[in-house]
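**Student:** Can you keep this structure in mind? I'll have questions shortly.
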Ligand code: SDX
C-alpha cells in the first residue's frame with residue numbers, strides 16, 4: 001500500500017483541523033481524533049462503534065473481508081489443529097509460544113489453582129435450581145472479589161498475574177458446578193492428573209457413584225472449542241471488560257461484567273439461540289419459511305449463528321468448527337443427527353440466497369458449536385457458559401494489556417443530546 005498520509009484534514013466552516021493518522025502493522029489506518037473536541041468543539045458520532053478503534057492492541061487481528069483471525073500473528077486454523085487451549089492461553093497472555101519448560105510450568109500453575117474456596121459453593125445454594133448457569137457464573141465470578149482479596153490490587157503486577165491464573169484455572173470448575181447445581185447433582189472436584197478439557201468434562205458428567213473415563217475424542221473436541229473462542233479483538237464483552245477495568249475496578253468484577261455482556265443473544269448467547277432455532281425449524285422442509293422470515297423487514301427474527309459485525313466473509317472459526325462437528329458426530333455415531341442435517345441444509349440454502357450474499361451474512365462461530373456441544377451431552381443452557389469459560393483468557397489478556405498501557409485512562413464517551421433544553425420546574429397544581 002502506498003505510504004499512508006500522515007494526517008487527515010477536517011474542514012468545519014472556515015476552520016480546518018489536521019488529525020494525525022496512525023498506521024498499523026496490519027489492517028486499516030486510524031485517524032486520531034483525541035484532540036478534536038478540544039480543538040473544534042465537536043464530537044464524532046459512531047453508535048455501535050462501527051468505525052471506531054477504542055485502543056491499540058497486539059493480541060488479536062481480524063480481517064473481516066478475508067476471513068482472517070490471528071492470535072499474536074498465528075492463524076486460528078493452525079492453532080486449532082496444532083496447538084491446544086492452555087498453550088494458546090500462554091500465547092495470548094505473554095505474546096509468544098512457550099518453550100516446553102515454560103508450557104509445563106504454566107500448565108502446572110493452572111492445574112494447581114482449579115479448586116474454589118470451599119465456602120464459594122454456598123453461593124450456588126442461594127440460587128434457584130432452575131437459574132440459568134450464566135446467571136450463576138456472573139454472580140459467582142463477581143463474588144470471587146470477596147474471597148481472593150490478595151489478588152485485587154490492579155497496580156501490583158504480581159497480584160494481576162495471580163488473578164489471571166486464578167480466573168483461567170477456576171472457570172471450568174465454576175461453570176461445571178453451575179451445571180451440576182442446575183441438575184441437582186453433587187459437585188465434582190477437579191483432578192490434577194487430568195488436562196484442562198478432560199477435567200471440565202469430568203466435572204460436568206461424572207457422578208460420585210462410579211468412575212468416569214473421559215473420551216479422548218470428546219476431550220480433544222472440547223479443547224478445540226475452547227481454543228476457537230479464546231479471544232476476538234475488541235468485541236462487545238471484551239470492550240465491556242476494558243471499560244469496566246478503566247475505572248480501576250478489580251479483575252473479578254470486570255470479568256463478571258464481561259460474562260454478563262456475553263450472555264446476550266446477539267453475542268455469546270447466539271450459540272444457545274442458534275441451536276434452539278435449529279430445533280424449532282425441525283426439518284429441512286421448513287427452512288424456506290425461516291429464511292423468508294429472516295429476510296422480512298417486518299419480522300424481528302434473525303438467523304442465529306449468521307452474520308458478524310466484522311466478518312463479511314466466512315468466520316474462520318466456523319470453518320474449523322464445521323469440520324469438528326463432522327468428526328465428533330461421526331465418532332459418536334450420530335452423524336445422522338437431525339439438527340446437524342438442518343444446520344447443513346440451512347447453511348447451503350442461506351448461502352445460495354442473494355439476500356445473505358448481498359448483506360455478507362455467513363455462518364459465524366456460534367453456528368456449529370451448539371451442534372457439537374449438544375452431541376457431547378450439554379444442555380443448551382451450558383453453551384454460553386462454555387463460551388465464557390473459553391473467552392476468559394481473552395478478556396484477561398486484553399485487561400492486562402490495557403492496565404499496562406501508560407495511555408490507560410477511564411473510558412467516558414459523550415453523546416449527541418436530543419433532549420429538552422433548559423426549562424423551569426412547574427408546580428403540580430399548574431400542570
Ligand atoms: C459473536 O464481535 C465479535 O467478535 C463477536 C464474536 C466473538 O467471538 O466475540 O464473534 C461472537 O457474537 C458472533 C455473533 C453471534 N450473533 C449471532 O449469530 C446473532 C445473529 N446475528 C446478528 O444479530 C448480527 O449479524 C450481528 C449482531 C452478529 C452483527 O450485527 P451488525 O454488524 O450490527 O449488523 P446489523 O445488525 O446492522 O445488520 C446488517 C443487516 C441488517 O439488514 P438492513 O437493516 O441493512 O436491511 O444485515 C441484517 C440486518 O437485518 N442481518 C441479518 C442477520 N444479521 C444481520 N438478517 C438475518 N439474519 C441475521 N443473522
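Taken together, the values in this text are just the output of simple stated rules run on the coordinates, not laboratory data. Fair warning: this is a prediction, and the values are worked out from it, not measured in the lab. Cβ sites come from the backbone with ideal geometry, for glycine too, and all protein chains shown count toward neighbours.
**Student:** By how many degrees, 0 to 90 and rounded to 10, does the Cα axis of helix 216-228 deviate from the longest principal axis of the chain?
**Tutor:** Roughly 10 degrees, rounded to the nearest 10.
**Student:** Same structure again: Let me make sure I get this right: for the stretch 33-115, a, b and c are the square roots of the gyration tensor eigenvalues over alpha carbons, sorted descending. Under 1.5 in a/c it's rounded, otherwise prolate if a/b > b/c, else oblate. Which is it?
**Tutor:** Because a/c hits 1.5 or more and a/b exceeds b/c, the stretch 33-115 counts as prolate.
**Student:** Something else now. Assuming R0 = 30 Å, can you tell me the calculated FRET efficiency for the pair residue 23 and residue 74, based on Cβ-Cβ distance, to the nearest 0.05?
**Tutor:** Result of the calculation: an efficiency of 0.85.
**Student:** Can you put 55, 254 in order, fewest other beta carbons within 10 Å first?
**Tutor:** Fewest-to-most Cβ neighbours within 10 Å comes out as 55, 254.
**Student:** Under a plain spin-label model, where a point goes 7 Å from the Cα along Cα-to-Cβ, how far apart in nm are residue 213 and residue 285?
**Tutor:** Label at residue 213, label at residue 285, 4.3 nm between them.
**Student:** Given an 8 Å cut-off on Cα distances and at least 6 residues of separation, report the relative contact order of the stretch 37-87 as a percent.
**Tutor:** Reported as a whole number, the value is 18 percent.
**Student:** Sort 101, 297, 322 by Cβ crowding within 10 Å, fewest neighbours at the top.
**Tutor:** 297, 101, 322
**Student:** Oh, and also: Enter the angle in degrees (range 0 to 90, nearest 10) between the Cα long axis of helix 196-205 and the first principal axis of the Cα atoms of the chain, meaning the one along which they spread out most.
**Tutor:** The angle comes out at about 60 degrees.
**Student:** Another question, then. Report relative contact order for the chain in percent, whole number only (criteria: Cα-Cα under 8 Å, sequence separation at least 6).
**Tutor:** 19
**Student:** Gain in length, residue 323 to residue 52, computed as 0.36 nm per residue apart minus the alpha-carbon separation, to one decimal in nm?
**Tutor:** Working it through step by step, the gained length comes to 94.2 nm.
**Student:** Further question: Quick check on the exposure proxy: order 378, 200 from fewest to most C-beta atoms within 10 angstrom.
**Tutor:** The order, fewest Cβ neighbours first, is 378, 200.
**Student:** Given a 10 angstrom Cα cut-off, can you work out which residue in 412, 128, 242 is the most mobile in a GNM of the chain?
**Tutor:** It is 412.
**Student:** Need the full-extension length gain, residue 408 to residue 335, defined as separation in residues times 0.36 nm minus the C-alpha distance. One decimal, nm.
**Tutor:** Result for the pair: 21.3 nm of gain on full extension.
**Student:** Over the stretch 1-91, what is the relative contact order in percent, taking alpha-carbon pairs closer than 8 angstrom and at least six residues apart?
**Tutor:** Values: 79 pairs, mean separation 12.3, N = 91.
Once normalised by length, the contact order is 13 percent.
**Student:** Right, another one. Quick one: if you stick a label point 7 Å off each Cα along the C-beta vector at residue 312 and residue 344, how many nm between them?
**Tutor:** Each label point lies 7 Å from its Cα, and together they span 3.1 nm.
**Student:** Could you give the angle, 0 to 90 degrees to the nearest 10, between helix 316-331's Cα long axis and the longest principal axis of the Cα atoms of the chain?
**Tutor:** 10
**Student:** Is the stretch 355-401 rounded, prolate or oblate when judged by the Cα gyration tensor, a ≥ b ≥ c being the square roots of its eigenvalues, rounded requiring a/c under 1.5 and prolate requiring a/b larger than b/c? Intermediate values should be presented prior to the final figure.
**Tutor:** On the way: a/c = 3.75, a/b = 1.17, b/c = 3.20.
In terms of gyration-tensor shape, oblate.
**Student:** How many angstrom lie between the C-alpha centres of the stretch 133-189 and the stretch 288-349?
**Tutor:** If we compute the Cα centre of each part, the gap is 32 Å.
**Student:** Here's another thing I want to ask about it. Can you compute the radius of gyration and Dmax for the chain, using only the Cα atoms, both in Å?
**Tutor:** Expressed in Å, the Cα Rg and Dmax of the chain come to 23.4, 80.
**Student:** Determine the calculated [θ] at 222 nm for the chain from helices alone, applying -39500 (n - 2.57) to every DSSP H run no shorter than 4 residues and normalising by the residue count; nearest 500 deg cm²/dmol. Present the calculation step by step, with values, prior to reporting the outcome.
**Tutor:** Working: 18 runs with 210 residues, N = 431.
Helix contribution divided over all residues of the chain: -15000 deg cm²/dmol.
**Student:** Same structure, new question: Once you have the Cα-Cα distance between residue 358 and residue 81, take 0.36 nm times their residue separation minus that, and quote the gain in nm to one decimal.
**Tutor:** Full-extension gain reported as 96.5 nm.
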